[in-house]
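Have a look at the structure below before the remarks.
The values are calculated or read from the model by the stated rules, or taken from the named source; none is laboratory data. This structure is a prediction, so every number in the text was calculated from the model and none was measured. Cβ coordinates were reconstructed from backbone atoms using ideal geometry, including for glycine residues, and neighbour counts include every protein chain displayed. Accessible surface areas use protein heavy atoms only, side chains included; no ligands, DNA or RNA. Shrake-Rupley method; radii C 1.70, N 1.55, O 1.52, S 1.80 Å.
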Amino acid sequence: MNSFMSIVQIALAAVLIQNFVLARFLGLCPFFGVSKKLSSATGMGMAVVFVMTIASMFTWVVERYILVPFDIRYLEIIVFILIIASLVQLLELIMRKFTPSLYESLGIYLPLISTNCALFAVVIINTGTNQFTGRPFTFIESTINGTASGIGFLIALVLMAGIREKLELADVPKTLDGLPIAFISAGLMALAFLGFSGLSFFAASGGQ
Amino acid sequence: MLKEEVKRGVITENPILILALGLCPSLAVSTSVTNGLGMGLATMFVLVCSNIIISIIKGWVPDKVRIPCFIMVSAAFVSILHLFIKAYMPLLDQRLGIFIPLITVNCIILGRAEAFASKNSLSRSFTDGIVMGLGFTVSLLILSAIREFLGSNKLFDLMVIPKFQPLTAFALAPGGFFTIAFVMGVVSFLRSRKEARA
């Protein structure tokens, strides 16, 4: 029961309260780069959810059974970067071979993901302590954290793409055209998402 | 020569405000000037070191695996920096948190490696690292000064105007987006005016 609560808390926090893009400023480059069209935003978001989940699982195993026993945690950054880069390559190959239809829709976004700072961040966060239980992340918790952070990213990206498609038609002042107006829209969204921080009380006290 | 290089890094090719690279750390840590300065200098260190190494090894790296190689070089320097900051500046480590390891995947580092250091000589790459790092630091300082003043009525953690009620939202996430939108708007206004005059 306790571990179930902690999973709910992690998921809720990662999707809404500490949304990766709008509260933690992670993954902003794809957030502004790929949010011009709704279809590509959905594809990119799904690819991020997929890769984040798998990367969280892999890095957790490597961290727990290789880095910690051999006392080489100081190599974390290098090892994780290597794992992520090769994992993305591997996924691309496997998808192309076995699920061509999935590859068609997500494939072009995969190379972009390997230098996505949101992916690297979730992996680093998983090596720390779980803020709700005060213990290191378990395998299931870190997997859920990966998936939920990816879903949070997907939600923010899709909402943003919807807004930017409408912005195309709007009459924006010339100096604010392009990126600045996108930043202002993101700021308004972040303001709305700030409202979810009221939920953190529920999430923080729920497990006790 | 030097003056032109500095002008290129800080003004005409400013990494954040013109090229829009490295947005994540610049928005996340710009809540106070101290954090901004720390982050700027940390990034500059990694940028200069990785530019030097990459311009030295550029002849030996096969073209197909150059990107993984560049990432590994920057990851190595970030590891060094992370351990150093953890050991000697625990307070800065606490305040910047996850954003120090994230320097590895900062687009500025990889962008300069790919666009500049892999094609130019050692001394030019070194200068490029310095001026780009300078541009990054300067824009971080501008952003963080605005946010720290409006968000918590402080500069370098010191009170500025007594009895001024700060707008807390500027210290939180939305303020980051609004501030950079405003600064970018000002920059593009100044550019368009300059173009109209020319």
- Message: Within 10 Å of each candidate Cβ there may be at most 11 other Cβ atoms; applying that plus a DSSP loop requirement, which trypsin sites (Lys or Arg not before Pro) in the stretch A:37-96 survive?
- Response: none
- Message: In whole percent, and with a 1.4 Å probe on the protein chains, what portion of the accessible area of the stretch A:23-206 is carbon and sulfur?
- Response: 69
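How much area per residue is accessible in the stretch A:23-206 when the probe is 1.4 Å and only protein heavy atoms are counted (Å²)?
Numbers: 8760 Å² over 184 residues.
Counting only protein heavy atoms, the per-residue value for the stretch A:23-206 is 48 Å².
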- Query: For residue B:64, which aspartates and glutamates qualify as cross-link partners when the Cα separation must be under 15 Å and same-chain residues fewer than eight apart are set aside?
  - Reply: B:114
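Calculate the mean, over all residues of peptide A:174-182, of how many other protein chain Cβ atoms lie within 10 angstrom of the residue's Cβ. Mind dumping the intermediate values first?
On the way: counts 4, 10, 6, 2, 4, 8, 11, 3, 3.
Mean shielding count: 6.
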- Query: Which whole number gives the average, over all residues in B:137-149, of C-beta atoms from other chains lying within 10 Å of the residue C-beta?
  - Reply: 0
- Relative packing of B:150-158, B:173-181, which averages over residues the other C-beta atoms within 10 Å, highest first: B:173-181, B:150-158
- Per residue Cα convex hull volume for the stretch B:10-197, in cubic angstrom? 129
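How much of the accessible area of the stretch B:10-197, in percent, comes from carbon and sulfur atoms when a 1.4 Å probe is used? Write down the numbers at each step before the final one.
Values: 6070 of 8480 Å².
Ligands and nucleic acids excluded, carbon and sulfur give 72 percent.
Evaluate the relative contact order of chain A (contact order divided by residue number), counting alpha-carbon pairs under 8 angstrom at least 6 apart; express in whole percent. Intermediate results must be reported in sequence, preceding the final value.
Numbers: 238 pairs, mean separation 89.5, N = 208.
Reported relative contact order: 43 percent.
Here is the link list: A:166/B:194; B:7/B:154; A:36/B:7; B:58/B:86; A:36/A:174. Which ones come out longer than 21 Å on Cα distance? Mind showing how you got there, number by number?
Working: A:166/B:194 31 Å; B:7/B:154 29 Å; A:36/B:7 32 Å; B:58/B:86 31 Å; A:36/A:174 18 Å.
The pairs that break the limit, which is 21 Å between Cα atoms, are A:166/B:194; B:7/B:154; A:36/B:7; B:58/B:86.
Restricting to DSSP loop positions (anything but H, G, I, E, B) with no more than 15 other Cβ atoms inside 10 Å of their own Cβ, which chymotrypsin sites (Phe, Trp or Tyr not before Pro) remain in the stretch B:1-108?
Here the chymotrypsin sites (Phe, Trp or Tyr not before Pro) that fit, given the DSSP loop and packing criteria, are B:60.
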- Note on the structure: Restricting to Cα pairs under 8 Å and 6 or more apart, the percent relative contact order of the stretch A:1-109 works out to 21
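Kindly provide the helix-only [θ] at 222 nm of the protein assembly as shown, computed as the sum of -39,500 (n - 2.57) over DSSP H runs of four or more divided by all residues, to the nearest 500 deg cm²/dmol? Show your work: numbers first, answer last.
Values: 18 runs with 269 residues, N = 406.
Here the helix-only value at 222 nm equals -21500 deg cm²/dmol.
Tell me which chymotrypsin sites (Phe, Trp or Tyr not before Pro) from the stretch A:52-154 have a DSSP coil assignment and no more than 16 other beta carbons within 10 Å of their own.
For chymotrypsin sites (Phe, Trp or Tyr not before Pro) across the stretch A:52-154 that sit outside H, G, I, E and B with at most 16 neighbouring Cβ atoms in 10 Å, the list reads A:70.
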- Note to self: Kirkwood Rh of the protein assembly as shown, Cα pairs, one decimal, Å, is 22.0
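Could you give me D for chain A, from Stokes-Einstein at 20 °C and 1.002 mPa s, where the hydrodynamic radius is the Kirkwood radius over C-alpha pairs? Units µm² s⁻¹, please. Display every interim value, and only then the final one.
On the way: Rh = 18.0 Å.
D, rounded to a whole number, is 119 µm²/s.
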- Query: Straight-line reach from residue B:163: which aspartates and glutamates have Cα under 20 Å away, leaving out those fewer than 8 places along the same chain?
  - Reply: B:148
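Other chains near B:22-29: what is the mean number of their Cβ atoms within 10 Å of each residue's Cβ? Mind showing how you got there, number by number?
On the way: counts 3, 9, 13, 4, 2, 6, 7, 1.
So the per-residue partner count for this stretch is 6.
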